[in-house]
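Read the figures in this text as sums done on the coordinates, not as results from a lab. Bear in mind that the values here come from a model prediction, so they are computed numbers and not experimental data. Ideal geometry is used to build each Cβ from the backbone, glycine not excepted, and the neighbour counts take in all protein chains shown.
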Amino acid sequence: MVFKRLLGSLGVGGPAVDTALDPVSAVPGGTLSGQVHLKGGNADFTVDHITLELIARVEAEHEHGKSEGAIAFERFTVGGGFRLAEGEHRTLPFAITLPWETPVTELHGQPLGIVLGVRTELGVAGARDKGDLDPLTVRPLPAQEAVLEALGQLGFGFKSADLELGRIRGTGQQLPFYQEVELTPPPTFAHQANEIEVTFLAGPAGVEVVIEADKRGGLFSEGHDTLGHHTISHCDVPHLDWNKEVDAWIHLLLDHRATPGHPVPHPDKDGHGHGGGHRSGPGMGTVAAAGAAGLAVGVVGGLVAAEVVDEVGDFFEGDDEDEAEDVGDDEA
């Protein structure tokens, strides 16, 4: 999809910029390529810079509840320092490397409800203008796909996915937010857990997998959250029995050896974190429950809820720098 926007900071007659991403979806840590198309205005202009921003829609917890907004988590300068003549058409190809922790937006072509975008900033004559967003599609790495497929084979059903502003204690997390994939347990685990949430933190060597379970209480105990942490090497992915591996993770997580814990909320601007568990109910990432076979057959199952489709459309068609609710700008 290509979006066009006249440079508002320069008024009528300024240059126009279109950004087109190549249709092949990228992977975390992989290459995203495309072209920036420029059309000169009614005079010559000096283009100081062309910058691409990676934007994500995230949820933030605070003392008043939850809010959602856009956060820029990476910037790339892909051109600049040239004269754009009156009426000139110029195309600048680019290839950028996505951060390893870039969230996954789809599984086997089925959207997860995660909203990512690429926003183009054009700097001309000392003024800057941020154009509209191109939606960004990111598919999982083999390690991420292997874990999700195994969970599906074990009977877990997809419930939702979202992005949470915050950090997870004891991990190598780099971005100021993390992705949660929320799953419903199969009957074999339903008596032990209400749900589990999976977070992937990818890096050059492998993927950290954080699994959190909302454990049910027993006759003489209250329910609580437990965390499991595992590291996968990229080169080991083809050689493991993932059903057996992930099944062992889940049993370890739900037996008495698992240690209660929770991700650490990210401090707000005053430096004060808001503690407590972080059970993330249905938000902008909510998707209809998949049922036990959803992930197992290679799809997230069910249909994307109508409210998710509406919000994704609103984000890309109606987003404006002055209108969007930005979250955590100081962390971008």
Whole Å is fine, so just give me how far the alpha carbon centre of the stretch 46-111 lies from that of the stretch 158-177.
19
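How big is the stretch 63-121 by the Kirkwood estimate over distinct Cα pairs, in Å? Can you show the working numbers first?
Details: mean 1/r = 0.0638 Å⁻¹.
Its Kirkwood hydrodynamic radius stands at 15.7 Å.
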Quick one: which residues, 5+ away or cross-chain, put their amide H under 5 Å from the amide H of THR19? H built at 1.01 Å from N.
PHE3, HIS37
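Hand me the GluC sites (Glu not before Pro) from the stretch 38-140 located in a DSSP loop with no more than 12 other Cβ atoms within 10 Å, in residue order please.
Details: sites: GLU53, GLU59, GLU61, GLU63, GLU68, GLU74, GLU86, GLU88, GLU101, GLU106, GLU121; in loops: GLU63, GLU86, GLU88, GLU101.
When the GluC sites (Glu not before Pro) of the stretch 38-140 are filtered for loop state and at most 12 Cβ neighbours within 10 Å, GLU63, GLU86 remain.
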